Amino acid sequence: METLGIIGGMGPMATAYLLELVIQMTDAKTDQEHLRTIVFDNPQVPDRTAYILDREKPSPLPVLEDMAQTLERIGCGVLCAPCVTSHYFYPELSGSVSVPFLHMVEETARELQEAGRKKAGILATTGTVSTGLFQRALEKFGIEWAVPSQLSQGLVMSLIYDDIKAGLPANMGKFRRVSDELFDAGCDSVVLGCTELSLIKRNTPLGHGFLDALEVLAKRCVTTCGAPLKASFEQLLS
């Protein structure tokens, strides 16, 4: 099995949750059957959304490239970054190393296609939405998409920054208002396209139709590194 390298700290709790998911999804009977994993948890990576929306802000790319190269140098054979917005830099970041670098946005679109979904709503940071990361990936896999209205996108950002990143419970009234808007727009699924939003699904039953991009990434980490996947995680979308 390959050693997994996690470019973490964006945010710290989402990084810890990815490691937890990888462990949960691995079909292992002993400690020795789990993946070797090295977590580079660096919360000082400059804010990705801030840079995307204002190029006068510090770029996170040099820090991310250094982290990726460090993980490769110490023996990681597969890399990932549990931060959707960081995938804006994916071409440069993956090109800075010679080992496979999982693309969680495209893998999420692939998961939707395999589940037979036709139209997905996107819950993500304004930075991610503005770059079209999910929109392009979904179109690549033949899936229609919808994004929240401007008002609802403000609620998404409030959930991410004012609630979860601040260490507070998620305001589920905000969450339901935005997700209901997307389902009402004809979506048959809603993507949790920010790793902070993954923590909402971890802590609160959401019902049918939600796909967590972080769960998809964890699943691909297990299989790409060569570990067996528990059968209960073959299908992530209910």
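For the reader, a short list of remarks on this structure follows.
- Count - residues of segment 6-35 that are at pLDDT 95 or above and farther than 20 Å from Phe233 by Cβ: 4
- The residues of segment 108-127 that are outside any loop (DSSP other than H, G, I, E, B) and open to solvent by 30 Å² or more (accessible area, probe 1.4 Å), listed by number, are Arg110, Gln113, Glu114, Lys119, Thr126.
- Among residues of segment 206-229 that are farther than 13 Å from Cys80 by Cα, those with a beta-carbon under 6 Å from a residue that is open to solvent by 30 Å² or more (accessible area, probe 1.4 Å) and part of a helix (DSSP H, G or I) at least six positions away or on a different chain give the pairs Asp212/Lys201; Leu229/Thr223.
- Taking each residue of segment 125-152 that is within 18 Å of Leu53 (Cα to Cα) and free of Cβ contacts under 8 Å to residues at least 24 places away in the same chain and looking for partners that are open to solvent by 70 Å² or more (accessible area, probe 1.4 Å) and not hydroxyl-bearing (Ser, Thr, Tyr) with beta-carbon atoms closer than 6 Å, six or more apart or interchain, yields Gln135/Trp145.
- Looking across segment 186-214, the residues that are part of a loop (DSSP other than H, G, I, E, B) and either exposed (fewer than 15 other Cβ atoms within 10 Å of the Cβ) or not hydrophobic (A, V, I, L, M, F, W, C) (or both) come down to Gly186, Asp188, Gly193, Thr204, Pro205, Gly207, His208, Gly209.
- Against the test of being under 25 Å from Lys219 (Cα atoms), assigned to a helix (DSSP H, G or I) and modelled with pLDDT of 95 or more, the options Val99, Val178, Val105 yield a single qualifying residue, Val105.
- The condition of being assigned to a loop (DSSP other than H, G, I, E, B), farther than 20 Å from Pro12 by Cα and in contact with a helix residue (DSSP H, G or I) (Cβ under 9 Å, 6 or more places away or on another chain) holds for only one of Pro169, Pro148, that being Pro148.
- When segment 183-228 is filtered for residues that are of a type in the set (A, V, I, L, M), under 23 Å from Ile143 (Cβ atoms) and over 18 Å from the mean Cα position of the chain (by Cα), only Ala185 remains.
- Extreme residue, surrounded by the fewest Cβ atoms within 10 Å (Cβ to Cβ), among residues of segment 170-185 that are in contact with a strand residue (DSSP E or B) (Cβ under 6 Å, 6 or more places away or on another chain) and small (Gly, Ala, Ser): Ala185
- When segment 215-238 is limited to residues that are assigned to a helix (DSSP H, G or I) and of a type outside the set (A, V, I, L, M), the one that is farthest from Phe134 (Cα to Cα) turns out to be Ser232.
The values are calculated or read from the model by the stated rules, or taken from the named source; none is laboratory data. Quick caveat: nothing in here was measured; it's all calculated off a predicted structure. No Cβ is skipped: glycine too gets one built from the backbone with ideal geometry, and neighbour counts run over all protein chains shown. For the accessible areas, the whole protein counts, side chains as well, though only heavy atoms, and no ligand, DNA or RNA atoms are used. Shrake-Rupley method; radii C 1.70, N 1.55, O 1.52, S 1.80 Å.
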